Every structure is written in structure tokens, then in C-alpha cells.
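Contents: one structure, followed by commentary.
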Amino acid sequence: MANIKEELEKRILVLDGAMGTMLQRYKFNEADFRGERFKDWKHPLQGNNDLLTLTQPKAIADIHAKYFEAGADIIETNTFSGTTIAMADYYMEELVYELNYESARIAREVADEFTAKEPHKPRFVAGSIGPTNRTASMSPDVNDPGFRAITFEELRVAYKQQAEALLDGGSDVLLVETVFDTLNAKAALFAIEEIKEERNIDVPIMVSGTITDASGRTLSGQTAESFLISVSHIPLLTVGFNCALGANQLTPYLQVVSDKTKFGVSAHPNAGLPNAFGEYDETPEQMASQIKEYLDKGLINIIGGCCGTNPEHIKAIADLAKDYSPREFSHP
């Protein structure tokens, strides 16, 4: 079986684009989200994209296939909100293991099909671990700055369950992404290190933070460099940024990380900044022309897309990236 570390030394790998953007094209309604199995569920389910793994698995598999056809080397599992913490919004905590396992299994199946067709271009599955809807290092109550909506231990337990299921389903890599609070990410990394020790396995880990605005900081107040320092005690495959900003705005922060780490560097920016309607207008050509700067400067090892990106964006990025050599790095 192909080794992602070895492939990263040969070329820049391309990550897929947004799952949510693609799912919006299907215009699924409440009944579609419920499917037959959850038709009598007592709570609304529309918007629970992770659930579509169980109720609309063909759509999920088709989206993965479209990204591979566009040139992606790595697809992310449909598990961005796949923790008991996030699933509590839908009273679906008990489904978490199944959701993650099935999402990884579907992705693995599609990846293996493409690898079989093109053995020279092996495809990989990244188990997507989102930030949850709670923050461990800040209070949600301005009148009580000492209050926390979640503890490190609660996050560790939730992330461990998710990571175990993602690995059991066939993920090659675990991607702790859209990190707005590094303490949350540390809980995920702690849980993954526990699993590695208990199972005596080596799991490649990608960590991707998110810079929230022009201040150049994460939501919990860290600069790009301090974010990097605070996760670098773990042996990482890559560290980088995704979401929040478009490719142009992300460049200086990637430069900082690239200059200061020996790990690989990843980026999957949005298709520009959202317009007044919350939509993303940047064309594949516009986005690719901005990402060219990353490649010209030798900043990255893995490149993909986040909000607003689709297979057309990924194709433009993949067509560009294939002509460049990967940034030099040392993997754990």
C-alpha cells in the first residue's frame, strides 16, 4: 500500500475542496436528511451534513469521486462535525462511531477504486476532525470570564472516539482542521497520541489552523508563529492553515510557518472572502493564480480548497501544482 510520506517527497499533493459547497448543489430537504432510517426522529435534522453519510451515501461517494477526477490525491471524510459534542445539537451522540466509521469506509472505497485505475497516482483518505462548536480556552459568557463550556478532558474523550472510528474505517491520515482554539486541537492530538500508543501504530497527522481576520490571529488570539510552536511538540506530517481567508490573504501566514518548521506545510484556503450573501465568488482561475505565489515561493507540500471551492477549483489547482517541486521538509 502506498505511503503518503513517500508520495509527499515526490510531489505536491492536492487535497479536495469543500464538501458543504458540493452538498448544497443537491438541495437536500428535511426528508432527504432523514432518509427512511430517521424518518421519525423527534428533532430537525436538516443541516446535519455528517448524517448524509448514512442517509445519502451515494451522494457522498459521488462527491469524493468528482474531486479525485479533478486531480485530488487526498479526500477528506464527511466528518467535520463528527464528535459527540457537535452531534449533541441533533441528539445523535450515539451515532458518532458509526458516522465516522462509515464516512471513512466510503472514502476508502472510492480512493481504492481510483488507485486501482491509476497505480502511479495513489489516492489517500484524510479523516476530518473539526474543531467542535465549543471552545476550551475562552468563556462564552462575557460576565463570567472563568466559565468554560467544555473541558479538556471532555474534548479528549470525544476526539478519541472519533479518531478511533476514522482509523477503523480506513483513514490514512488524521486531519485536525479549522483550529480556532489550539487547546481544542491539543485535546485531539493528545487523544491521537493515546491511540497510537495503545494500538502500537504510526498515524500521520495533519494540523490546520484558521486565521480569523486581518489581525493575523486565531480566534483564541494566537499568531501564526505561536500556533505553530504550540502544536510542534507532536510529530506532524504537515502543519498549515485553512478556511476563513482567501488564498491571497493567507500568504504571509504560510510564509511564517514555512520558514519556521521542518514539518510539511498544507493550505486549503476559501475561494476568496464571502460576499454580502455569504457566497464565494472567486473563480477557479482567480484562485489558482493566487495559489501560484505559494508554489513560486516554495511554501507548501499539500494544497487544496475550503469553503466555496468545488472540483473546478481543485482541477485548476492540480493542473498548476503538477509542474512544481514540493517544499523540502523532514517527516517524523
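Every number in this text was worked out from the coordinates using simple rules, so none of it is lab data. Please read these numbers as outputs of a predicted model, since none were measured by experiment. For neighbour counting, all protein chains shown are included, and Cβ atoms are generated from backbone atoms with ideal geometry for every residue, glycine included.
Sorted by mean Cβ packing within 10 Å, highest first, what order do the peptides 236-242, 270-276 take?
Result, highest mean first: 236-242, 270-276.
Going by how many other Cβ atoms sit within 10 Å of their own, how do Leu155, Leu254 line up, fewest first?
Leu254, Leu155
Each label point is 7 Å from the Cα along the Cα-to-Cβ direction; what then is the distance between the points at Glu328 and Ala214, in nm?
3.7
Would you mind telling me the antiparallel percentage of the DSSP bridges in the chain, rounded to 5? Walk me through the numbers on the way to the answer.
Numbers: 1 of 27 bridges.
Percentage antiparallel, nearest 5: 5.
For the range 131-242, rounded, prolate or oblate, judged on the Cα gyration tensor with a ≥ b ≥ c (square roots of eigenvalues), a/c < 1.5 rounded, else prolate if a/b > b/c?
Oblate, since a/c reaches 1.5 and b/c is not below a/b.
Each residue of the range 205-217 in order: what ³J(HN,Hα) in whole Hz does its phi give by Karplus 6.51 cos²θ - 1.76 cosθ + 1.60, θ = phi - 60°, with x for Gly and Pro?
Each residue of the range 205-217 in turn: 10, 10, 10, 10, x, 9, 8, 7, 7, 5, 5, x, 10 Hz.
Shape call for the range 62-192 from the C-alpha gyration tensor, a ≥ b ≥ c root eigenvalues: rounded (a/c under 1.5), prolate (a/b greater than b/c) or oblate?
Note, shape of the range 62-192 comes out prolate.
May I ask for the net charge around Asn133, where only other residues with Cβ less than 12 Å from the Cβ of Asn133 are counted and Lys, Arg are +1 while Asp, Glu are -1?
Summing Lys and Arg as +1 and Asp and Glu as -1 gives -1.
Return the distance in nm (one decimal) between the two label points of a simple spin-label model at Asn275 and Asn133, each offset 7 Å from Cα along Cα→Cβ.
The two pseudo-label positions are separated by 2.8 nm.
Residue by residue through the range 158-166, what is 3J(HN,Hα) from phi via Karplus (6.51 cos²θ - 1.76 cosθ + 1.60, θ = phi - 60°)? Round to whole Hz and write x for glycine and proline.
Per-residue couplings from phi come out as 5, 5, 5, 4, 5, 5, 4, 5, 5 Hz.
Quick one: net charge of Arg105's neighbours, Cβ under 11 Å, K/R +1, D/E -1?
Around Arg105, the surrounding residues sum to -4.
Tell me the mean residue ellipticity at 222 nm calculated for the chain from its helices only (DSSP H runs of n ≥ 4, each -39500 (n - 2.57), averaged over every residue, nearest 500).
Taken over the chain, the calculation gives -13000 deg cm²/dmol.
Percent antiparallel among DSSP beta bridges with both residues in the range 198-332, to the nearest 5?
Looking only at bridges with both residues in the range 198-332, the antiparallel portion is about 10 percent.
Kindly put Ser258, Ser171 in sequence by how many other C-beta atoms sit within 10 Å of each C-beta, fewest to most.
Ser258, Ser171
Taking DSSP loops as anything outside H, G, I, E and B, show the longest stretch in the chain free of trypsin sites (Lys or Arg not before Pro) there with at most 14 other beta carbons within 10 Å.
Here the longest run is 43-261.
Is the C-alpha gyration tensor of the range 1-50 telling us rounded, prolate or oblate? Criteria: a/c under 1.5 is rounded; beyond that, a/b larger than b/c is prolate, otherwise oblate.
Since a/c reaches 1.5 and a/b is larger than b/c, the shape of the range 1-50 is classed as prolate.
Once you keep just the Cα pairs under 8 angstrom separated by 6 or more residues, what percentage relative contact order results for the range 4-321?
19
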